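Presented below is the structure to which this report refers.
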Amino acid sequence: MTKRRIIGAVSFALVASLVAASCGGDSGSDGGGDGEPKKGGTIRILSSGEQIAHLDPQRNYTGTDLAFAGSTMHRSLTSYKYEAGDAGSEIEGDLATDTGTVSNEGKTWSFTLRDGITFEDGSAITCADVAYGVSRSFATDTITDGPSYAVTYIDVEDYPGPYKATAEQQAAYDKAVACEGNTITFNLKNPVADFNYTTTLLTFSPVPKASDTGEKYDMSPVSSGPYKIESYEIGKALVLVRNENWNEDSDPLRKAYPDSIIYEFGLEEATIDERMIADVGDDQFAVAEGIQPENLQTIFEGDEALKSRAIDYYDPYVSYTNLNNERLSCYEVRKAIYLAIDRDALRKAGGGPYTGDYADGFVKPALALDYAQSTMPEGLNEDGTANVEAAKAAVAEAETKCPDVVKLAQDGMNFYYPDTPVWQKALAIWQSNMEAIGFSIKPEAVEPSNYWPTVMNPETEYDIVRGGWAPDWANASTVIPELFTTGGGFNLTRNSKDPDYAEFEGLVNEARVNLDRVAQGKQWQELNQYVVDRLWALPGTFLKSQSIWGSKVGNTFQWGPFGAFCFGNLYVK
Amino acid sequence: MSATFSDTGSFVDDVSVAASIEGKSPRQLAWMRFRRDRFAMVAAGVVLFYVVVAALAPVICAVLGISPYELNSDALNDFGLPDGPFGGISREHWLGVEPGTGRDILARLLYGARVSLLVGFVGTLLTTTLGVIIGVFAGYRRGRVDAVIGRVMDLTLAFPSFLLIIALTRPFTQRLESLGVPEGNPARLTYIVLVLATFGWVYVARVVRGQTLSLREREFIEASRASGAGTGHIIFKQILPNLWAPVIVIVSLSLPGYVATESTLSFLGLGMLPPAASWGVMLGDSIKYYRADPTYLFIPGTALIILVLAFNILGDAVRDALDPKADRQSIS
Amino acid sequence: MLLFVTRRLMFALALLLAVSLFTYLLFAMLPSDPAALTCSKNCKPEIIEANRIRLGYDKPILEQYWLFLKGIFVGRDYGVGQAAFSCPAPSLGYSYGQHECVTTLIARTFPVTAYLSIGAFILWMTLGISLGSIAALKRGRWQDRAATTFSAVGVSLPTFYIGLLVLFSFCIWLRILPFPSYESPFVDPKSFFLTMLLPWLTLAVLSAASYTRLTRNGMLEAMNEDFVRLGIAKGLRRRTILRRYVLRSALVPIVTIAGLDFAALLGGAIITESVFSLPGMGRMSIRAVVDSDLPVLVGTTMVAAVFIVLANVIVDIMYGVLDPRVRTK
């Protein structure tokens, strides 16, 4: 269940653009020799979730959900190509005829809509529908959970969204997002060189104003893609059927092979694996993301037929451990902790090599320009096992340098973890590892759904908190600043009082504005090393995920940008 | 059963004991009957064995050189599954090792028995004591007291107890911690025991109340009252001894129910915190490995079944032994 | 009689009111902030505050409770402008997690729970009473021991363990049943039946265990009753005695308890529904616990309480009808 575990944990970060092929993985293992894709049949998706987090396009925001809703129901201005490997990370016009025109030094972007694009009731999709859809993002009290790019980028102040806007506020928005015939123009506050990547988000999908039911739109959004909702019952299933009013000629991307798609919710994880392994009846037409660790051996080391229906690939996520640098304010203590952790045992608890590779930083090799191998702290065992001797030496060193911090670590470090079986096992390993060097762990179990709100609360006195992140962009500017500067959205290291922090932030700001992409990459590499040298957080794993599909499903490649199936283009063999 | 907080059975109390209160049977007679029941003797032996083994868990583990917390990564293969057949059973690890961590299963089973038996015994003791006191009180005083207690019982019964137990685990554990109960497992154990008693006493009290109501009208009570016996004497010397049979049956039934409840909470991630072992934690964990490590799946389950079976046989036997009419079977 | 029934109903109503107040206060103690949970982790304090006001969580707890009560009778309105909507009476609130009025959600999930409960009930009564009768008649012999063992296994193993074992046995090892995938009986009766078979069986095994014991003990008691011995003395046939007197007298209390058990089950078989992926009320309520979805939690608790209280009233009234002495008490 690597995938389900990770997604549940780090849904924070969105995977928007990432070069998948350089990750390795055997994404080419499928297809070939099974004949041409053909139309017809029903594809099933087996899920342990109770629902799709959000089907409302402006609220939809995680890898699998974006890949699913985008490829079946919601068209956006631009889209990633529906292809495996590198090509899948390139963009193409979707509702728009091309990938947009930029002017005004990156501050104005316009897109021209295609002819023949329609909603599921047959009415034409107009520029106003797209503008209205985007405007919903601003109603942050109703349209929750969605990406905030539109709000951040678009040049309009204090616009509360269409539900509460006064006439003047609405007029200001209409100026910032202007319609001229079938051309929509976005006026941005600051230059955004790759805004056309942003427009792949479903934030930029059209919504017909007359059908907008606000909060309730999530259950019955109007389709602009090849499928529409036939029924949607949380905890049971979402059934999509063909949208007869979708015009194939207007859509260069979606192939829409199956006649219907059934998303089954609320299944026990063990049951999902068993059904997929058994491959009987309708399950031959099913796909499932994530495999339980206890079944990995059966699937990947068993018979070839089974192995050929599964994939083991690098997803866009990096896992790591945040330390509270205000309390653990001594490098030697942090180093002692890092050296004492048995990363090998933690990895075994999560499914062995299928969990991923030991990370040497926070930027995945997939971000080729921004990644360089880091120099890890001296004494860190390459095989992932604990180096108790070196850790004890670090403790001894710390005793003289910062006895207070050592005492804190010995008295008990507050370890906040989501109260799930996987983390309970991880906790047991941490406890035993820390004990080996005389440190101790004070476990703080947090209700899983409440985990991030709890640890993000500045008043929570934690010492150790988990972390997981995927870049929003194929640029480490969506990683390093997010995780380690005070302005970052996911900085849990509390490193602002570190003597080196001011210097670090200065370097980050320099890197941010560097327009020479290769030189900028070098800067990110150095900043990654900068953090590793200080161990504000402890690198964990470059994560992998596993997925499995039935014997009669084709086009099962993993779509790079999302780390998910390209759902809309699956077909029945 | 008297209070198994699972999907079923929450309302069942053992009404059948209603008739077993007639007359007071000499203790020796009961003991004689009990000893004649070979099944019961075996069952008593099993229960005793469990208790002793649980009490001596640290000693046994020390002798065998195993620990419930020590990680044995080497005993696992690359996938984190036990290396070797039958869940990694070996000379060092008699019952194999736990997948994922490599902890010794025998050691965890022994230590887990302590938690599970503790929850079972303390929970039962608390529930029964509360239930008997309130039940006797209501039944003996009757009238307004009985009416008030009756309404409180109605209110308690009206809650879907299992849902509440789950929903309130975290907030109440935190509250207990803030009240000074040691953090972590002591607080969770206290919560489980308290919540079992909160919802469980009603089932005992209902039976006891009914018994008391009918007892206090019996001739022998009338007689002692007429001969000037005080309330204390009547309750302690006349009524309580006659409640033994039903109470023992309730105990034998609720104990396994509480062990099951603890394990269900653990299955839902609300039971003992790591690295502590309990049978519940083990049951919940092992069920995932039905394919990869079936040995692990059956070990905690079997241990639990044997204990409960022993308790049931024991309860039945005690009940039969205390039943003065047991030897007068006239039909069948 | 009418007075008695009215009094019982009035009392039941008061009881429900007390239950709802208790539930509300208890859940108000939950540590999670429902307003914070309506938006994702990266949302700003202002947004959380705005949501708190929109959901009414800024109001004092007793006022919230009053709004909840009022909603049951007159319905409730939410949101402003085009995003406004309402939950008509009887409204139990609105779930922001599921984007639906709680009443609608319960109306949708309840039938599944009801089918589960009814089927399981029939199975477990049949199984429990037959096994119990056999055990009583063959007291002390192997049949009795077997029944005792069966009931011990039934009460001892937790629901999730039995449920998953049954699921694995029939669907994976023996491969004689398809994996559960719930379908309404009116849409696809065959699939419905095949899916429900195992959950029915699981619940039946669990409960039959208790009823086996109850029946056994009840019958043993009855066999010792004077009227039975009188019957024997009169020379009635054994079967007649057993059927007409022994079983009947043993069954009266069992039926009462069964009624209450059944009502409790209608409140949601949490674990069984989860294990077999049935979209019932129990599974919805456990999800609500995990997601801190307070309106759903309060709603399902209330509905469960209604069933329990109602069953109690019916049992009481039945007793009143059967036994005139109760009425005057």
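When the criteria are applied in full, A:Gly161 meets the requirement of being within 14 Å of chain C (Cβ to nearest Cβ) and free of Cβ contacts under 8 Å to residues at least 60 places away in the same chain. Remark: C:Gly140 matches the filter, which requires a residue to be farther than 27 Å from A:Gly146 by Cα, free of Cβ contacts under 8 Å to residues at least 60 places away in the same chain, within 13 Å of another protein chain (Cβ to nearest Cβ) and not in a helix (DSSP H, G or I).
For the stretch A:426-450, the candidate set comprises residues that are within 28 Å of C:Asp293 (Cβ to Cβ) and part of a helix (DSSP H, G or I); within that set, the residue that is farthest from the other protein chains (Cβ to nearest Cβ) is A:Ala426.
Checked against (1) crowded, with 24+ Cβ neighbours inside 10 Å; (2) over 29 Å from the mean Cα position of the chain (by Cα); (3) touching a residue at least 24 places away in the same chain (Cβ under 8 Å), B:Ile89 meets all criteria but (1). For the stretch C:70-80, state whether one or more residues are crowded, with 17+ Cβ neighbours inside 10 Å, within 9 Å of chain A (Cβ to nearest Cβ) and at pLDDT below 80. Yes, there is a match, as at least one residue in the stretch C:70-80 is crowded, with 17+ Cβ neighbours inside 10 Å, within 9 Å of chain A (Cβ to nearest Cβ) and at pLDDT below 80.
Just so you know, in the stretch B:265-324 the residues that are polar (S, T, N, Q) and either in a helix (DSSP H, G or I) or at the interface with chain C (Cβ under 9 Å from one of its Cβ atoms) (or both) include one that is nearest to C:Leu164 (Cα to Cα), and it is B:Ser286.
Restricting attention to the stretch A:465-517, and to residues there that are in contact with a strand residue (DSSP E or B) (Cβ under 8 Å, 6 or more places away or on another chain) and charged (D, E, K, R), which single residue is farthest from A:Gln529 (Cα to Cα)?
If we take residues in the stretch A:465-517 being in contact with a strand residue (DSSP E or B) (Cβ under 8 Å, 6 or more places away or on another chain) and charged (D, E, K, R), then A:Arg466 is farthest from A:Gln529 (Cα to Cα).
In the stretch A:215-238, the residue that is modelled with the lowest pLDDT out of those that are within 20 Å of A:Gly161 (Cα to Cα) and acidic (Asp, Glu) is A:Glu215. When B:Val63 is tested against (1) surrounded by fewer than 23 Cβ atoms within 10 Å (Cβ to Cβ); (2) within 14 Å of another protein chain (Cβ to nearest Cβ), only condition (2) is not met. Within the stretch C:196-221, being surrounded by fewer than 24 Cβ atoms within 10 Å (Cβ to Cβ) and either more than 13 Å from chain B (Cβ to nearest Cβ) or small (Gly, Ala, Ser) (or both) holds for C:Met196, C:Leu197, C:Leu198, C:Ala204.
Those helices (runs of 4 or more DSSP H) of the stretch A:46-158 in which at least 2 residues are touching a residue at least 12 places away in the same chain (Cβ under 8 Å) and within 14 Å of chain C (Cβ to nearest Cβ), considering only elements entirely within it, cover A:127-136, A:149-153. Among the numbered conditions (1) in contact with a Pro (Cβ under 8 Å, 6 or more places away or on another chain); (2) more than 9 Å from chain C (Cβ to nearest Cβ), the only one that A:Lys209 does not meet is (2).
Per-residue answers, yes or no, for (1) part of a helix (DSSP H, G or I); (2) surrounded by fewer than 18 Cβ atoms within 10 Å (Cβ to Cβ); (3) of a type in the set (Gly, Ala, Ser):
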residue	(1), (2), (3)
C:Tyr115	yes, no, no
C:Ser133	yes, no, yes
C:Thr149	yes, yes, no
C:Gly154	yes, no, yes
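Just to be sure I understand the filter: pairs with C-beta atoms under 9 Å, separated by 6 or more residues or on different chains, first member in the stretch C:48-74 and acidic (Asp, Glu), second member part of a helix (DSSP H, G or I) and surrounded by 13 or more Cβ atoms within 10 Å (Cβ to Cβ). Which pairs pass? Short answer, once both residue conditions are applied: C:Asp58/C:Glu49; C:Asp58/C:Arg52.
Annotation for the stretch B:168-183: at least one member residue is surrounded by 17 or more Cβ atoms within 10 Å (Cβ to Cβ), facing another protein chain (nearest Cβ under 10 Å), under 23 Å from C:Thr301 (Cβ atoms) and in contact (Cβ under 8 Å) with a residue 40 or more places away in the chain.
Have a look at A:Ala511, A:Ala537 and point out the one that is under 24 Å from the mean Cα position of the chain (by Cα), buried (at least 20 other Cβ atoms within 10 Å of the Cβ) and at pLDDT below 90.
Testing whether each residue is under 24 Å from the mean Cα position of the chain (by Cα), buried (at least 20 other Cβ atoms within 10 Å of the Cβ) and at pLDDT below 90 leaves just A:Ala511.
If you go through the stretch B:107-133 and keep only what is surrounded by fewer than 24 Cβ atoms within 10 Å (Cβ to Cβ), in contact (Cβ under 8 Å) with a residue 40 or more places away in the chain and under 9 Å from the mean Cα position of the chain (by Cα), you end up with B:Leu117, B:Leu118, B:Phe121, B:Val122. Of the residues A:Gly161, A:Gly225, the single one that is part of a loop (DSSP other than H, G, I, E, B) and over 22 Å from A:Thr72 (Cα atoms) is A:Gly161.
Residue count for the stretch A:532-547 satisfying the condition of being among the aromatic types (Phe, Trp, Tyr) and part of a loop (DSSP other than H, G, I, E, B): 1. Exactly one residue among C:Gln64, C:Gln98 is outside any strand (DSSP E or B) and either more than 8 Å from chain A (Cβ to nearest Cβ) or in contact with a Gly (Cβ under 8 Å, 6 or more places away or on another chain) (or both), and that residue is C:Gln64. Among the candidates B:Leu297, B:Leu283, B:Leu255, the residue that is farther than 27 Å from B:Leu126 by Cβ and buried (at least 22 other Cβ atoms within 10 Å of the Cβ) is uniquely B:Leu297.
Selection of helices (runs of 4 or more DSSP H) fully inside the stretch B:1-81 by the criterion of at least 1 residues being at pLDDT below 75 and closer than 20 Å to B:Val251 by Cα returns B:27-36. Give the stretch B:199-232 a look and list any residue that's surrounded by fewer than 20 Cβ atoms within 10 Å (Cβ to Cβ) and either in contact with a Gly (Cβ under 8 Å, 6 or more places away or on another chain) or closer than 13 Å to B:Gly150 by Cα (or both), or say none. Selection gives B:Gly210, B:Leu213, B:Arg216.
Conditions (1) over 28 Å from B:Thr190 (Cβ atoms); (2) more than 14 Å from chain A (Cβ to nearest Cβ); (3) charged (D, E, K, R), marked per residue:
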residue	(1), (2), (3)
B:Arg91	yes, yes, yes
B:Leu95	yes, yes, no
B:Pro99	yes, no, no
B:Arg103	no, no, yes
B:Arg108	no, no, yes
B:Tyr111	no, no, no
B:Val119	no, yes, no
B:Leu125	no, yes, no
B:Gly131	no, yes, no
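None of A:Val287, A:Val239, A:Val222, A:Val318 is crowded, with 19+ Cβ neighbours inside 10 Å, among the hydrophobic types (A, V, I, L, M, F, W, C) and over 27 Å from B:Leu81 (Cα atoms) except A:Val222. Whenever a residue of the stretch B:67-85 is facing another protein chain (nearest Cβ under 8 Å) and touching a residue at least 60 places away in the same chain (Cβ under 8 Å), its partners that are among the basic types (Lys, Arg) and in a loop (DSSP other than H, G, I, E, B), lying with C-beta atoms within less than 9 angstrom and at least six residues away or across chains, give the pairs B:Tyr69/B:Arg103. Within the stretch A:419-441, is there a residue that is touching a residue at least 24 places away in the same chain (Cβ under 8 Å), of a type in the set (Gly, Ala, Ser) and either buried (at least 23 other Cβ atoms within 10 Å of the Cβ) or in contact with a strand residue (DSSP E or B) (Cβ under 8 Å, 6 or more places away or on another chain) (or both)? Yes - at least one qualifying residue is present in the stretch A:419-441.
The values are calculated or read from the model by the stated rules, or taken from the named source; none is laboratory data. Keep in mind that this is a model prediction, so the values were computed, not measured. Heads up, the Cβs are rebuilt from the backbone with ideal geometry, glycines too, and the neighbour counts pull from every protein chain shown.
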